[in-house]
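All remarks here apply to the structure that follows.
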Amino acid sequence: MVCTTWHICATGSPPCVTRGEISRVTRSTPLHIQQALHRCLGVEAGSIPIHSWADWSYATNAQSTLANATQETGWLPSPTTEPLAYWCLAFHAHGERQATEAIADRLAVVQQDSGFVTAGEQYAAPRWPTSLAVLAWSVIQDVWPQRYRDNIRRGVDALLSIEGRRIDPTPDIGHDTQLVGWPWVDGTHSWVEPTALAVLALKAAGQHAHPRVREAVRLLRDRQIQGGAWNCGNTLVLGQTQANHVQPTGLALLALVDEEDSQQRNESAIRYLLRSLHRGTGTTSLCWAWHALAAHGRLPASLANEIAVRTRCELGGGASPYKLALLRLAAWEAKSPLVTHTRGGTEAFVAEVSV
């Protein structure tokens, strides 16, 4: 998504917003969550009146998600797993323990008896968000070393039980169809983004050396487009080289930090990401590119304020909880838990969750 309020955001603070009349507010947000958000977002208390998530949504022109949270999760940044997991990491990085704990506990409620974590408690599938929950629980072990261990163990067991479907090789497809990673949907082929997320989660949980992780790393290398970066997972189709995409390139490159790169293939992907850091790049793609470049030590100094500018843009034009969480994580650059906790994992935890 192109930021349509860039001219406002790049030149100063977001436009002033007023609370207005909110007739739909039925539940107040706990004060400690309000305060944690203000601190994490760098917003002065009172400048955006957060009396409830419906107020936050109204005040920032967001049309969904925050105002539509269910009664059970009405005080959380989102009712769905993906943004909740990223907010868990963002609050943790910012030292907001109460908010971190509340969201980690909510993820535990969503976890099924099978160990899988779906998009929300009301959903049976898809099950790829398990990676994000395992990642969040693993990262916060430095504060709660025992509390979420069983959740991690069951989540890892569940993740390792999912395999992308092999398909018969054909000259029309350029990648190795026999390598197994993770799919978006059970029973389908392996793709770059869910595979990269699973690798990040399993590394954070101490499973760097697990055979599934090693095969997934080979799969990511195999899916790299010749002389370029990554897309959803197609390299060559019907004789045509497929286009690079920013978000899967950022995710794959982040998952491959500290992995062997004897052919220096990372460099072409890094150069592609550096060319992609411009105003037309969507916020989510920008954040994953930012994390990958930070992990490889290649963030350009000339764009040091880019994340702050984009954060002001989001606050002024529609507060997506998903994008705001990724922006707060990206602001930590190489100190983001998406970088620091996904290299080798917590080795003392390996034996307990080995499958």
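In order along the stretch 105-117, phi translates into HN-Hα couplings of 5, 5, 4, 5, 5, 6, 4, 7, 4, 6, x, 6, 10 Hz, rounded to whole numbers, per the Karplus curve 6.51 cos²θ - 1.76 cosθ + 1.60 with θ = phi - 60° and x for Gly and Pro. A simple spin-label model places pseudo-atoms 7 Å from Cα toward Cβ; at T241 and D157 they are separated by 4.6 nm. Between amide H atoms placed 1.01 Å from N, distances below 5 Å from T188 occur with R165, all of them 5 or more places distant or on a separate chain.
Subtracting the Cα-Cα distance of R343 and R149 from 0.36 nm times their residue separation leaves 67.9 nm of extension gain. Put in order of Cβ neighbour count within 10 Å, fewest first, the listed residues E267, E193 become E267, E193.
Taking the fewest neighbouring Cβ atoms within 10 Å as the starting point, the ordered list for W137, W288, W332, W144 is W144, W332, W288, W137. Sorted ascending by nearby beta carbons within 10 Å, beginning with the fewest, V110, V257 become V257, V110. Using θ = phi - 60° in the Karplus curve 6.51 cos²θ - 1.76 cosθ + 1.60, the 3J(HN,Hα) couplings for the stretch 191-201 round to 10, 5, 5, x, 5, 5, 4, 5, 4, 4, 5 Hz; x is entered for Gly and Pro. The string of couplings for the stretch 90-103 from the Karplus curve (6.51, -1.76, 1.60, θ = phi - 60°) is 5, 4, 4, 4, 8, x, 8, 5, 5, 5, 4, 4, 4, 6 Hz, one whole number per residue in order, with x for Gly and Pro. Between E260 and V185, residue separation times 0.36 nm minus the direct Cα-Cα distance comes to 24.1 nm. At q = 0.22, 0.30 Å⁻¹ the log10 of I(q)/I(0) for the stretch 287-329 amounts to -0.73, -1.07, computed by Debye summation with a single uniform scatterer per C-alpha, solvent ignored.
Rule-based calculations on the coordinates, nothing more; no lab input. The structure displayed is predicted, hence computed values, not measured ones. A quick note on method: Cβ atoms are made from the backbone with ideal geometry, for glycine too, and the neighbour counts reach across all protein chains shown.
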